[in-house]
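Visitor: What follows is a single structure, and I will ask about it in a moment.
The values are calculated or read from the model by the stated rules, or taken from the named source; none is laboratory data. This one's a predicted model, so the numbers in the text were calculated from it and none came from an experiment. Counting neighbours? That spans all protein chains shown, and the Cβs are built from the backbone with ideal geometry, glycine included. Side chains included, ligands, DNA and RNA excluded: accessible areas come from the protein's heavy atoms. Shrake-Rupley method; radii C 1.70, N 1.55, O 1.52, S 1.80 Å.
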Amino acid sequence: MSDFAGGPIPGALSWTPDLSAADRETVWHPYAPMPSVVEPFPVVGADGVRIRLADGRELVDGMASWWSAIHGYRNPVLDQAVRDQLDTMAHVMFGGLTHAPGVLLARRLAAMAPEGIEHVFFADSGSVSVEVAIKMCLQYQRSQGHSGRTRLLTVRGGYHGDTFGAMAVTDPAGSMHQLWADVLPGHVFADRPPAVCTEEYADHLRRLAAEHADTLAAVIVEPVVQGAGGMLFYDPEVLRVLRAVCDEHGLLLVFDEIATGFGRTGELFAAAHAGVSPDIMTVGKALTGGYLTLAAALCTARVAHGISSGEAPVLMHGPTFMANPLACAVAYASTGLLLDGAWRENVAGIAKLLTEHLEPARELPGVADVRVLGAIGVVEMAEPTDMRTATKAAMDLGVWIRPFGKLLYVMPPYITPEEDVVRIAEALVAAARVSGRP
Ligand SMILES: *Cc1c(COP(=O)(O)O)cnc(C)c1O
């Protein structure tokens, strides 16, 4: 019998109107002041691709909860995976102990990852996995006798997370991290990767790498899609150039696939658009299908061996909740759902519908660009939008979006039915219409 038998069994915590005041007075929301100026909408449930608000409205989710809920909410397979794991154990430490969900997930990730990636270090969020990846790079170079190689080369427009190491490789200009420019380590920034890689741009990368080779440990980029830094898509050729540059100068190549991983761009990992393998890859966001926080830094045998035969000779990192079994179990189930390959058709279908139904936005005043890649749709305005007005226009059509700056964008769950994808696209066009009004 369980030690806990007979204790109270709490029901689901439900929303009551007084919680709005408590939220305002106590809770700090992302990228917001305290107290908040824009009241968040209370959510009382989410099912499939719909989010249900406390006032009874139902919104089709255009955001997949920031790229993560690729299989939708209350997915029966994922729900069951969490329940089953809960009946075994919610958590144990990963130091000196191991468990099936962690091992099985690691083995599957290594199998899914680009050629050459063999080892998996679990972390508890995307930003932390980027910290781990950077640490791997520096420690690898140190093990090779290059302790002076402590900087990274990256490109403008990138975003790698909100912790300090990750902020340092995020474009400081115009980003959320501008504030910290003078307290972050100085890395080397190349120009934004272009939509078409010219010989001139390739030379720019080659020159920068050659110029700083003595102090560079690695190159880090989001492959093909720059997410929070501008929702820009760039020429995969850039990745081939970077691979060659890294090989020439003994640098490691890191692909941050936290946003792009698990099918979002139409390939399982965006690296496949270029046919290039990185030395280190980070994953997060959709890893657990949006259920629990989990991320990982994956690497090749060369990186792992370099670090493990170096002066330390261990990777000096170990988050308390590393490889949390609940998170690993649901990630195993979520990646399992991807294995049958149906995601590829779903993502291609979403791409086709977004392309078709975002087209009218091109004609609207104030619209600078409309672009689609995989299940990502973007309407870029010439000027920053008013988030509240744009959000309301979409909500009036029953769709949840979260614009920022000049960007109106969506990345719906892969399971979104056709009519809901169309509705999402129409809502984005409506948001662009109100945003472009003088
Ligand atoms: C979201 C994101 C991160 C940070 O992940 P968190 O889980 O929010 O810490 C890092 N890199 C990229 C490319 C991202 O999109």
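Visitor: Nearest 500 deg cm²/dmol is fine: what mean residue ellipticity at 222 nm does the chain get from its DSSP H runs of n ≥ 4 alone, each adding -39,500 (n - 2.57), divided by its residue count?
Guide: That calculation yields -11000 deg cm²/dmol at 222 nm.
Visitor: In whole percent, how big is the carbon plus sulfur part of the accessible area of the stretch 80-125, probe 1.4 Å, protein atoms only?
Guide: For the stretch 80-125, the apolar C and S fraction of the accessible surface comes to 59 percent.
Visitor: For the stretch 342-438, give the percent of accessible area contributed by carbon and sulfur heavy atoms, probe 1.4 Å, rounded to a whole number.
Guide: 53 percent
Visitor: How much of the accessible area of the stretch 172-311, probe 1.4 Å, is carbon plus sulfur, in whole percent?
Guide: Working: 2720 of 5040 Å².
Carbon and sulfur: 54 percent of the exposed surface of the stretch 172-311.
Visitor: Further question: Determine the per residue accessible area of the stretch 136-286 with all protein chains present and a 1.4 angstrom probe, expressed in square angstrom.
Guide: 35 Å²
Visitor: When DSSP assigns beta bridges and you keep just the ones with both residues in the chain, what percent turn out antiparallel, to the nearest 5?
Guide: 65 percent
Visitor: Right, another one. Under 27 Å between alpha carbons, and skipping anything fewer than 8 positions from Lys406 in its own chain: which lysines qualify?
Guide: Once the sequence-local lysines are set aside, what remains near Lys406 is Lys285, Lys352, Lys392.
Visitor: I've got another one for you. Cα centroid distance between the stretch 172-243 and the stretch 56-133, in Å?
Guide: 28 Å
Visitor: Of Ala111, Thr163, Phe189, which is farthest on the positive side of the dipole of the stretch 91-208, counting Cα position, with +1 on Lys and Arg Cβ, -1 on Asp and Glu Cβ, and the Cα centre as origin?
Guide: Most positive-ward Cα: Ala111.
Visitor: Ranked by accessible surface with a 1.4 Å probe, highest first, in what order do Phe122, Phe321, Phe94 come?
Guide: Phe321, Phe94, Phe122
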